[in-house]
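The values are calculated or read from the model by the stated rules, or taken from the named source; none is laboratory data. Model, not experiment: these values are computed from the prediction. Cβ: placed from backbone, ideal geometry, glycine included. Neighbour counts: every protein chain shown. For accessibility, only protein heavy atoms count, side chains too; no ligands or nucleic acids. Shrake-Rupley method; radii C 1.70, N 1.55, O 1.52, S 1.80 Å.
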Amino acid sequence: MPESARNKGLLRAEQHHILLATTPVNYQLKRSAKRRSIGLQISGQGLVVSAPPAVSHIYIEALLKTKAGWILSKLQRWQTEAGNLEQVDLSAIDWLGQPKKLLIHTGPTRVTDDAIWLACKAGEETRALGKFMQAAAMQYFSARIEQLKPSISIRPISLHLSHAKTRWGSCSSAGAIRLNWRLMQAPPAVIDYVLIHELAHLRELNHSDRFWQIVASVCPNYKHHRQFLRQNGARYFAW
Ligand SMILES: [Zn+2]
């Protein structure tokens, strides 16, 4: 019998790591002299394995593997229900031209220097990110339009978000400007170009030389920004 077995009543807890059906799982192993069998439990910390001191670690891990299906489904439910999916790295998303990691957490959704912290359940990342980006886009676009508009037109406009699959913006003869919310992923100078482009349509509802002269007067680098959208735009629609 191992030495620990003689320490009656002693409770040892160790952190371990195991691969269950290709899913990495952390678990806490509690050794208790009072236990007579191995117990599995999903608690506030995740998977907890309680075992008598004499049971070998190899035996315990073999048992965990035979119970992999049960453990993984319980863990998934626990994570979803409790919103416990902290720091699950999904992919990188651009935000105003800056690459951000997409992380899920339980607090409010926010943008930091290197990440977008999403408050949502597993599997709802795209919907949550879209909703957050739309709200941010409406605020950002309105503020920028207020600053850019006076140098282009004094006509009143109404601003709307667009969900178009291929267009960044549009402008109607009645002054309704629609801007694609996915543009929030582009660098600020590129967004400005799209806003200026649509505002210029308030004066020229076509793509004539006169139209491009108006755009160039406010945005001399417009050709560069158009090119940027042609080259990078597709990935803003990739999720
Ligand atoms: Zn146009």
**OP:** For helix 209-218, report the angle its Cα long axis makes with the longest principal axis of the Cα atoms of the chain; keep it between 0 and 90° and round to the nearest 10°.
**Re:** 60
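Can you give the charge dipole size of the range 73-226 about its Cα centre, rounded to the nearest 20 debye, using +1 on the beta carbon of Lys and Arg and -1 on the beta carbon of Asp and Glu?
Details: 19 positive and 13 negative charges, 81 e Å.
Once rounded to the nearest 20, the dipole reads 380 debye.
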Subject >> Degrees, to the nearest 10: 125-148 long Cα axis against longest axis of the chain >> reply: 30
Subject >> Proximal lysine pairs, the range 92-236, alpha carbons under 27 Å, eight or more residues apart or interchain >> reply: 14
**OP:** As a check on your grasp of the helix formula, calculate [θ] at 222 nm for the chain: sum -39500 (n - 2.57) over DSSP H runs of n ≥ 4, divide by the residue count, round to the nearest 500.
**Re:** -12000 deg cm²/dmol
Subject >> Cα-based shape type of the chain, given that a ≥ b ≥ c are square roots of the gyration tensor eigenvalues and the cut on a/c is 1.5 >> reply: prolate
Original post:
Could you give the semi-axes, largest first, of the ellipsoid that matches the range 117-239, computed as the square roots of 5 times the alpha carbon gyration tensor eigenvalues and rounded to whole Å?
Top reply: 27, 16, 12
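Please compute the contact order of the chain in relative form: average sequence separation of alpha-carbon pairs under 8 Å and at least six residues apart, divided by the residue count, as a percent.
Details: 346 pairs, mean separation 25.9, N = 239.
Value for the chain: 11 percent.
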**OP:** Could you check how much of the accessible area of the chain is carbon and sulfur, as a whole percent, using a 1.4 Å probe?
**Re:** 51
Subject >> Å² per residue, accessible surface of the chain at 1.4 Å >> reply: 57
**OP:** For LYS34, list the lysines whose Cα falls under 25 Å from its own Cα; do not include residues on the same chain fewer than 8 positions away.
**Re:** LYS8, LYS65, LYS67
Original post:
Just in the range 121-196: which GluC sites (Glu not before Pro) are loop by DSSP and have at most 16 other Cβ atoms within 10 Å?
Top reply: GLU124
**OP:** Could you tell me how many degrees, from 0 to 90 and to the nearest 10, lie between the Cα long axis of helix 188-200 and the main elongation axis, the longest principal axis, of the Cα atoms of the chain?
**Re:** 40
Original post:
Lys/Arg Cβ at +1, Asp/Glu Cβ at -1, dipole of the chain taken about the Cα centre: which of ILE177, HIS17, ILE157 is farthest positive-ward?
Top reply: HIS17
